[in-house]
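Data block below; observations after.
Read the figures in this text as sums done on the coordinates, not as results from a lab. The model shown is predicted, which means the values in this text are computed figures rather than measured ones. All Cβ positions, even for glycine, are placed from backbone atoms using ideal geometry, and neighbour counts span all protein chains on display.
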Amino acid sequence: MAQFDVYRNPSKKTNKAYPFLVDVQNSVIDQLATRLVVPLTNSNTRNSLYMKKLTPEIEFEGVTYLFLTQQLSSIPEYVLNDRIGSLEHSRELLIDAIDFAITGI
C-alpha cells in the first residue's frame with residue numbers, strides 16, 4: 001500500500017455515492033491495521049459539497065471527482081483490496097486540502 005493509491009470502495013451502502021477511496025496515510029505508520037482514507041465523489045455533486053480548497057477537483061480515469069477531505073476516516077487495512085491507480089501526481093493538491101481541513105490555512 002502506498003500513499004495516494006486509489007481503491008474501489010467495497011461498501012455496498014456507499015460505493016454509488018463514493019466509488020473510490022484514496023489512501024492518504026503515510027508509510028511511516030504502515031504497521032497499523034488501519035488506513036486513513038478520503039472518498040472521491042462524482043463532480044456533479046459539486047453544488048452541495050464544493051469548496052475549492054477543501055474539496056479539490058481530481059481527474060481520475062478520465063473523469064472529474066471531488067476529493068472529500070472533510071470525510072477523512074479510518075478503515076481496516078484488509079478492506080482495501082482492489083487498487084486501481086494512484087493520485088501521486090496530485091500529491092501537493094491533496095496535502096493542501098488536508099492541511100486546510102486541519103489548520104484552516
note = Once Lys and Arg are counted +1 and Asp and Glu -1 for all other residues with Cβ under 15 Å from that of GLY85, the total becomes -3
message = Sequence gap at least 6, Cα distance under 8 Å: using those rules, report the relative contact order of segment 5-103 to the nearest whole percent.
response = 31
key: Rule-of-thumb Rg ratio for segment 5-103 [Cα; 2.2 N^0.38 Å; N residues]   = 1.01
inquiry  = Under 25 Å between alpha carbons, and skipping anything fewer than 8 positions from LYS53 in its own chain: which lysines qualify?
reply    = LYS16
ask   = Which loop-located chymotrypsin sites (Phe, Trp or Tyr not before Pro) does segment 32-105 contain, where loop means any DSSP state but H, G, I, E or B and the Cβ has at most 16 other Cβ atoms within 10 Å?
value = TYR50
Rounded to the nearest 20 debye, dipole of the chain from Cβ charges on Lys, Arg, Asp, Glu = 480
